[in-house]
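The values are calculated or read from the model by the stated rules, or taken from the named source; none is laboratory data. Please read these numbers as outputs of a predicted model, since none were measured by experiment. Here the Cβ positions follow ideal geometry from the backbone for every residue, glycine too, while neighbour counts run over all protein chains shown.
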Amino acid sequence: MRRLAGAPGRRRRPGRALRLRHHADAHLTRPGRVSTPALARLRLQDFRNFSRLDWQPPAPRLLLSGPNGAGKSSLLEAVYLAATTRSFRTARLEPCLRRGAERFSIRLEVGEQPRRELAIDWTPAERHRRLDGRAATLAEHLAVLPVLAWSQADNELLSGGAEIRRRFFDRGMVQQRPATMATLGRYQKALAAKRALLTAAPTAELDAWNELLAREGAELAAG
């Protein structure tokens, strides 16, 4: 068992630490499945309750355990945010900024040598993302580390409406195939335009939007 100290600058009761355990099946892989690059290193500055953190995971698969407030969710959130440029806990990133700090930064290294580095720098005024130290398209950024987060807040996927599930699967598809992001954007715009026409009054323009939806939908299905 390896112990990761809790957030610097914040007092903890004895034993309040984030613990990492090696999975017994960490060496197993499934034939025919494309492997996801392993996390190599995570560095945080002023993110949530971490003033500074430099963590190198000891194994490809880990189980995080610890009491409330130890930093488990924050650690996973940082990985997800670096990989997707968004948080699975909040739509706005202000809560991710440690109290009293002016900015937070995340550096996530993945894969074997040469490693890829995903970087996020955020202040209340601006946000920057970089891939290997340079500006990159969002599709390039998303392609480095496909991730999926599931939390208690996602229970509405089972009990909520179909629109919630469609958004979830859309995000998953873009994560697995970032090149489809532009196609998905065109499809969603065409669908919104068609709905607007139907709300007003059916016109001959519907045929054009139906044709566009069919073309973009076929491209999405083909991958």
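A quick yes/no check of all residues on (1) crowded, with 18+ Cβ neighbours inside 10 Å; (2) hydrophobic (A, V, I, L, M, F, W, C):
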site: Ala83; (1), (2): yes, yes
site: Ala91; (1), (2): no, yes
site: Cys96; (1), (2): yes, yes
site: Glu102; (1), (2): no, no
site: Val110; (1), (2): yes, yes
site: Arg115; (1), (2): no, no
site: Leu118; (1), (2): yes, yes
site: Trp122; (1), (2): yes, yes
site: Ala125; (1), (2): no, yes
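Among the residues of region 80-134, those that are without any contact (Cβ under 8 Å) to a residue 24 or more places away in the chain and at positive phi comprise Gly100, Asp132, Gly133.
Considering every residue within region 40-57, establish whether at least one is modelled with pLDDT under 90 and aliphatic (A, V, I, L, M). No - not one qualifying residue is present in region 40-57.
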